[in-house]
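Here the structure comes first, spelled out in C-alpha cells, and everything after it is commentary.
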Amino acid sequence: MKSRLLIAFVLSLHLGPFASAEVVRVEILERRPFADGHEFGRAGAYEKIAGRLHCEVDPADAAQTPIADIQLAPRNERGRVEFRTDFFLLKPADARRGNGRLLYDVNNRGNKLALWTFNEARGNNPTTLADAGNGFLMRNGWSVLWCGWSGEVASGENRLVAELPVATENGRPITGKVLVEICRDDPVESSPFYWTPWAVAIPYPPVSLDTQQARLMMRPYRSEPAVEIAADQWAFARIENGARVPDAGSLWVQGGIRPGWLYELVYTARDPRVSGLGLAAVRDCVSFFRRETADRSGTANPLAGAIERAYVFGISQSGRFVNHFIFDGFNTDERRRAVFDGALSHVSGAGRLTSNKRFGMATLCAAQHENVLTPSESFPFNTLPETDPVTRRTGDLLARSRASGHVPKIFFTQTSTEYWTRGASLLHTDVEGKRDVALDPHARLYVVAGAQHLGGGSTDRGSYQNPCNPLNDRPPVLRALLVALDDWTSRGLPPPESCYPKIANGTLVNVEEFRAQFPKIPGVQSPAVCYTPLRLDFGPSWEPDGIADIVPPKIGRPYRTLVPAVDHDGNELAGIRLPDVAVPLATYTGWNLRAAPHGAEGMLAPYCGSYLPFVRTQEERLKAGDPRPAVLERYPSRTVYLFQVTETVRRLRSQRLLLEEDAAALLKIADDRQLWER
C-alpha cells in the first residue's frame, strides 16, 4: 500500500499540471489587434484571439461523475474522452495592464452577449471600435472569454461550436424515445423541430422517416384533449422553393401548422450526444486560461499570470447554464480548485438546463403555454436545503459546491417576465408558494421591477395584444452589479441588499390577487394565468442515469408560483424601481398576451412585456375612461418631473445599484423628454 502511494506521489511530481490539465492543445486561428489598436484608458490597446481548444477528460475521475453517459463515450488510446470547442478571447494587449479579472460569458445558442449587455454593443464577431460599444469592460481592464459548450449549435454566423462525442453501447447505436413540441406564432407549412429567432438547434435524428413509426398530436392548449394527426397527413420534411423535401429535423403538416397550437411529436431517436461535456468544456477552458502557463505542446496561455479572479455571466438560456454548472458541481476543476469566484445569472427564472440527460436539448425551456413537459424548472429550486412535501425529495442548488468548498458569490437578477413565464418565485419561496425562504449567505437576488425578459423591446404590436415593453434594464443595473460582485469577492465589501418581492410584505401575490390590483385600462386584458412548473415523472432511470423511461412523462401536481404585486398604475411595488417605473409615464409589465391571429385568446406570449402609456391631459383621460392619472395631473411642470427623477436616481446611486456614468445618462434621458411644451 505504501509503495503504491509513493509511486502515485512521484508520478504527480513528474506529470505536474498535465496530470489533470484537460486542455491538451490550444489551436490559435486568429490573433490581431482589437479595434485597430484603440487605447481603452489605463488598460491600453486590446487584442482578439480566436481558435479551438482540444480537450480530454478521464471518465474515471470523480469530477466527471455528473456527466450523463460519460462511461459510454468513445475513448482514445489513453483511455480519455476527447472533445473540441471554439474559443474567443478579448484581452489587453499587455495583459499586465488589465484589472486581473476574467469575465467568462456563457454564449447563448452560440452567440456572444457580454458586450451586448455591459458595453451596449452589437455583433457576434467583435473586431472594430464600433463592436466595443461604449467600451465599459475594456475601459475597466476586463478580459472577456467565450467558448462553445452546446453540441446542438450549428456552425455559421460566427457562432461558437462545441464538438461533443456520441454515446454508443458496445459499439452499437443507442436509441430512445424523444418528445418534440412545436409551437409557431405565424402560419407556416413546415418548421424545424427546435426553432428560435437566433439559431436552429441540431436535433437527434429519427431511426426512420417512416411516420408510421412515430406519433403526432395537436391541441390548442395543454389542458385540451390532444387530436392525433394521421400518419399520411404529416412528414419529416421541410418546404423548400415550394416543394416538400425530406428532412430528419423538420415537421411538415398537411394544411400548415396553426399559429399558437401545440404539435407534439414522439419518435425514436438515435445517437445521443454526451452533452454534459459542455459543462466540462467551460470548466476546463476557464481553468486553463486562469491558471495554466501553456498547453502540452508548449503553446503559451495568453493570460498566463494575469488573472486573479474569474466570474461567469449568463443571460436566459445562458443563465440557466450558470445555475446548472453550479448545481452539478462543476465549479471545482479536476485539480480540486475553484473555477469561478463569482457568478451573475440573469433572467434565468428558477431554471436549469435540460441537456445533461440522454437526448437532452439545451435550447428547450418551459413557458406558460409551450413546452410545459420540459423539465427546465425542476426540484430543487432554493439556495438552501428544502423538501418537496409531495415527492419527499430534499436538496438545494448549492449543495455540491458547498460540499467542495467552492460556492461562488452569486447574484440572481430577474425581471418581471420571469415571474410570469419562468417560475422565478420558486427561487425564494417554498414549493407550495406559502412562505418566503431565505437565500444562502453567498447569494443575492435583484429584480428589476416592470422590466421584460431581455429589455429594450420593440414598441410595435407584432403578434402581441399590447405594444412591447421598451424598458431597457440590462446595462445600467448589471454594470453596477458586476462592479458590486467584484468588490464583494475581491475586497469583502458587502453587496447591495437583495431587492425582490416577498409574500410577507404583500408584494408577491397569486394571479387572482394581481388581477384585483391591476387597473381597469380600456382595451387591456390582464392575464388569468402564469407559468406553473409541473412535477414530471420520466421513470426510475431519470435521476440516477439521465435516461427517460417514460416519454411523454407522467404529469404530477404543479408547483405553486406567484407574481409581483402592483400599485394603482399597474406598476410593480417591489424590486429595483428605475426612474421609468418609480416616476412613471406609463405602465410597464413583464407580461403580454398573444394577439388573436397568433394564438388563442388570453394566452401568455413568452418573454415579452407590455408598455401602456398614460395619456397627457385630464381631458384625454376622462374621454378614454383611463383610471390612471394623466401625465400633467401627476407632473404639472417639467421641474416637478425632473425633481422626482433626480431623487430616484440619487437613491439608486447611493444604494450602489447605478454607476455614476449611468446615473448621469438616465438624468439626460429624462431631461430630453418634451411633455410640457406643446
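Brief remarks on what is shown
- Contact map, region 149-164: first residue without any contact (Cβ under 8 Å) to a residue 24 or more places away in the chain, second residue aliphatic (A, V, I, L, M), Cβ cut-off under 6 Å, separation 6 or more or different chains; pairs are SER155/VAL161.
- Check on GLY609, on the phi > 0 side of the Ramachandran plot and out of contact with any His (no Cβ under 6 Å at 6 or more places or on another chain): no
- Of all residues making up region 247-264, the number that are in contact with a Cys (Cβ under 6 Å, 6 or more places away or on another chain) and either free of Cβ contacts under 8 Å to residues at least 24 places away in the same chain or of a type in the set (Phe, Trp, Tyr) (or both): 0
- Residue among PRO59, PRO74, PRO66, PRO33 that alone is free of Cβ contacts under 8 Å to residues at least 24 places away in the same chain and in the same structural domain as GLY98 (by TED's automatic domain parsing): PRO59
- Filtering ARG402, ARG393 for residues that are touching a Pro at 6+ places or on another chain (Cβ under 8 Å) and either surrounded by fewer than 22 Cβ atoms within 10 Å (Cβ to Cβ) or at pLDDT below 95 (or both) leaves a single hit, ARG393.
- Residues in region 183-211 that are of a type in the set (Gly, Ala, Ser) and under 24 Å from the mean Cα position of the chain (by Cα) were compared, and the one that is farthest from VAL266 (Cα to Cα) is ALA199.
- Residue check, GLY141 surrounded by fewer than 16 Cβ atoms within 10 Å (Cβ to Cβ), small (Gly, Ala, Ser) and outside the structural domain of LEU251 (by TED's automatic domain parsing): no
- Residues being over 11 Å from VAL274 (Cβ atoms) and among the small types (Gly, Ala, Ser) - total across region 163-176: 2
- Within region 122-133, the set of residues being surrounded by fewer than 21 Cβ atoms within 10 Å (Cβ to Cβ) and of a type in the set (Gly, Ala, Ser) comprises GLY123, ALA130, GLY133.
- Scope region 157-181; condition of a type in the set (Gly, Ala, Ser) and more than 21 Å from the chain's Cα centre (by Cα); matching residues: ALA167, GLY171, GLY176
- Some residue of region 590-600 being in contact with a helix residue (DSSP H, G or I) (Cβ under 9 Å, 6 or more places away or on another chain) and either farther than 30 Å from GLY256 by Cβ or without any contact (Cβ under 8 Å) to a residue 24 or more places away in the chain (or both): yes
- Test: residue in region 550-572 that is hydrophobic (A, V, I, L, M, F, W, C), within 30 Å of THR168 (Cβ to Cβ) and touching a Phe, Trp or Tyr at 6+ places or on another chain (Cβ under 8 Å): yes
- Selected residue (criterion: nearest to the chain's Cα centre (by Cα)) from residues of region 242-276 that are of a type in the set (S, T, N, Q) and assigned to a strand (DSSP E or B): SER250
- Count of region 346-375 residues which are among the aliphatic types (A, V, I, L, M), under 28 Å from ASP271 (Cα atoms) and surrounded by 24 or more Cβ atoms within 10 Å (Cβ to Cβ): 4
- Any chance ILE67 is in contact with a strand residue (DSSP E or B) (Cβ under 6 Å, 6 or more places away or on another chain), hydrophobic (A, V, I, L, M, F, W, C) and at pLDDT 95 or above: no
The values are calculated or read from the model by the stated rules, or taken from the named source; none is laboratory data. Everything numeric in this text was worked out from a predicted model, so none of it was measured. Note that we place each Cβ from the backbone using ideal geometry, even for glycine, and neighbour counts take in every protein chain shown.
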